[in-house]
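One structure is given below, encoded as structure tokens.
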Amino acid sequence: MTHADQPPAFPLTTRADPMPEDARMALLADPGFGRVFSDHMAMARWSTEKGWHDMGVVARRPIELDPATSVLHYAQEIFEGLKAYRAGDGAITLFRPDANARRFRQSAVRMAMPELPDALFLESVRALVRADREWLPALEGGSLYLRPFMFASEVFLGVKPSAEYLYLVIASPAGGYFKSGSPSISVWVSEDFTRAAPGGTGAAKCGGNYAASLQAQAEAIREGCDQVVFLDAVERRQIEELGGMNLFFVFDDGSLATPPLTGTILPGITRDSILTLARDEGLVVREEHYAIDAWEADARSGRLRETFACGTAAVVTPVGRVRGRTHDFAIGNGGPGEITSRLRDRLVAIQRGEAPDTHDWVQRIT
Ligand SMILES: *Cc1c(COP(=O)(O)O)cnc(C)c1O
């Protein structure tokens, strides 16, 4: 889209004090998740008078906010999460970034924020990865996690859509997401708290959804589980998703099911990719409601063989145990099931450029 003779949409102002190579390499040896950040950030501003302006890639630095900045009071904020990978031939790739761009616009609409055009979203991410390509860990399974986000930056305490927004993209080198060593996670069924209600913001990737999930997540940890699983807000019966990952169920006839996108579930790009890969394999996949009592009964009878959670950060993670005030059951043999492992391996192989990209999901950064 951008012609060679056009100036880049996100011009780079190289940082004067990048991290020295030895310090960077020490951090990249074991980055963990979300604690180490690269040298630069992409940014753009929006105002009612100017629209999108001030695009660029600049030194990553703290941002100063007036105490009356709108987002600090009314939480008009959305974000995205995607990863850059190093392919076998050394090229850096992104996985379905166009889907993140589209979802970012959809989240913006729900939160009464301006839509960032897909071309600007994609170019902001590419420009940052180009600037900070040295921050991509060479580790097995390593990636550069990219976090585009946008918030209401107008200084005003009136309750209304902000007249100004700041859009930023930061990059964080990542190893694994969950602590390694455990083959599966345990989940706690929240019976007191819900994540999203019909007509609410459950399908938007907004920070407020996460704020609302933290008390339930803390309860899960207190109960000795890794993650919380939410039920629907109306009947408190249908399984929805984890705080930040979608769920899949695998049955003894080889079919899969995942809760449908009815507005209370985040439309995961990993979820969509798994649906496609499963159908490619000839598996029967249903997007349908699945009740907590059926999950327990089917796990006990053996009709349900596997359950896994999926999302960009942790890719595919098997669920081995389910607990709650009135629930306690194991899934399969507690480890990753056969179909879970196969779908995970296929997805990772495509993301890493090790398997044919038959759906045009992988974009190379030049
Ligand atoms: C981001 C997110 C997911 C996973 O989406 P991916 O696009 O697969 O990373 C699932 N649930 C929630 C609540 C999320 O915020």
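The values are calculated or read from the model by the stated rules, or taken from the named source; none is laboratory data. Predicted model only: the values in this text are computed from it and were never measured. Cβ coordinates were reconstructed from backbone atoms using ideal geometry, including for glycine residues, and neighbour counts include every protein chain displayed. Side chains included, ligands, DNA and RNA excluded: accessible areas come from the protein's heavy atoms. Shrake-Rupley method; radii C 1.70, N 1.55, O 1.52, S 1.80 Å.
Report, by residue number, each residue of the stretch 219-238 that is hydrophobic (A, V, I, L, M, F, W, C) and out of contact with any Asp or Glu (no Cβ under 8 Å at 6 or more places or on another chain). Let's see the steps before the verdict.
Here is the first cut: in the stretch 219-238, the ones hydrophobic (A, V, I, L, M, F, W, C) are 220-221, 225, 228-231, 233-234.
Those that are hydrophobic (A, V, I, L, M, F, W, C) and out of contact with any Asp or Glu (no Cβ under 8 Å at 6 or more places or on another chain): Ile221, Cys225, Ala233, Val234.
Restricting to the stretch 72-84, name every residue that is more than 11 Å from the ligand (Cβ to nearest atom) and either more than 16 Å from Pro173 (Cα to Cα) or part of a helix (DSSP H, G or I) (or both).
First, the residues of the stretch 72-84 that are more than 11 Å from the ligand (Cβ to nearest atom): 72-77, 84.
If the condition is that a residue be more than 11 Å from the ligand (Cβ to nearest atom) and either more than 16 Å from Pro173 (Cα to Cα) or part of a helix (DSSP H, G or I) (or both), then Leu72, His73, Tyr74, Ala75, Gln76, Glu77 are the ones that fit.
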ask   = Counting only residues that are part of a loop (DSSP other than H, G, I, E, B) and within 8 Å of the ligand (Cβ to nearest atom), which one in the stretch 255-273 is surrounded by the most Cβ atoms within 10 Å (Cβ to Cβ)?
value = Leu266
task = Identify all residues within the stretch 285-303 that are acidic (Asp, Glu) and surrounded by 18 or more Cβ atoms within 10 Å (Cβ to Cβ); write none if there are none.
result = Glu296, Asp298
message = Pairs please, first residue from the stretch 328-340 and within 19 Å of Glu281 (Cα to Cα), second anywhere and open to solvent by 20 Å² or more (accessible area, probe 1.4 Å) and modelled with pLDDT under 90, Cβ atoms under 6 Å, 6+ apart in sequence or on different chains.
response = Pro336/Pro183
task = Kindly indicate whether any position in the stretch 281-299 is over 22 Å from Ala349 (Cα atoms) and in contact with a helix residue (DSSP H, G or I) (Cβ under 7 Å, 6 or more places away or on another chain).
result = no
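Looking at Glu306, is it part of a strand (DSSP E or B), modelled with pLDDT of 95 or more and either crowded, with 20+ Cβ neighbours inside 10 Å or assigned by TED's automatic domain parsing to the domain that holds Ala220 (or both)?
Against the criterion (part of a strand (DSSP E or B), modelled with pLDDT of 95 or more and either crowded, with 20+ Cβ neighbours inside 10 Å or assigned by TED's automatic domain parsing to the domain that holds Ala220 (or both)), Glu306 qualifies.
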query = Of all residues in the stretch 184-218, which are assigned to a helix (DSSP H, G or I) and touching an Asp or Glu at 6+ places or on another chain (Cβ under 8 Å)?
reply = Gly207, Gly208, Ala216
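Test of understanding: among Ser153, Ser186, Ser162, Ser180, which residue is at pLDDT below 95 and more than 16 Å from the ligand (Cβ to nearest atom)? Working first, answer last.
Numbers: Ser153 fails: at pLDDT below 95; Ser186 fails: at pLDDT below 95; Ser162 fails: at pLDDT below 95.
It is Ser180.
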ask   = Are any residues in the stretch 20-57 at negative phi, open to solvent by less than 60 Å² (accessible area, probe 1.4 Å) and assigned to a loop (DSSP other than H, G, I, E, B), and if so, which ones?
value = Pro31, Val36, Ser38, Asp39
key: Condition met for Arg15 (open to solvent by less than 60 Å² (accessible area, probe 1.4 Å), out of contact with any Ser or Thr (no Cβ under 9 Å at 6 or more places or on another chain) and charged (D, E, K, R))   = yes
query = How many residues does the stretch 117-143 contain that are in contact with a strand residue (DSSP E or B) (Cβ under 6 Å, 6 or more places away or on another chain) and among the aliphatic types (A, V, I, L, M)?
reply = 6
task = Within the stretch 309-330, count every residue that is in a loop (DSSP other than H, G, I, E, B) and of a type outside the set (Val, Ile, Thr).
result = 3
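The rows are residues; the columns are (1) open to solvent by 20 Å² or more (accessible area, probe 1.4 Å); (2) in a helix (DSSP H, G or I); (3) within 12 Å of the ligand (Cβ to nearest atom).
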position	(1), (2), (3)
Ala220	no, yes, no
Cys225	no, no, no
Ala233	yes, no, no
Phe249	no, no, no
Asp253	yes, no, no
Arg279	yes, yes, no
Leu283	yes, no, no
key: Residue list for the stretch 316-346, filter: within 16 Å of the ligand (Cβ to nearest atom), open to solvent by 20 Å² or more (accessible area, probe 1.4 Å) and of a type in the set (A, V, I, L, M, F, W, C)   = none
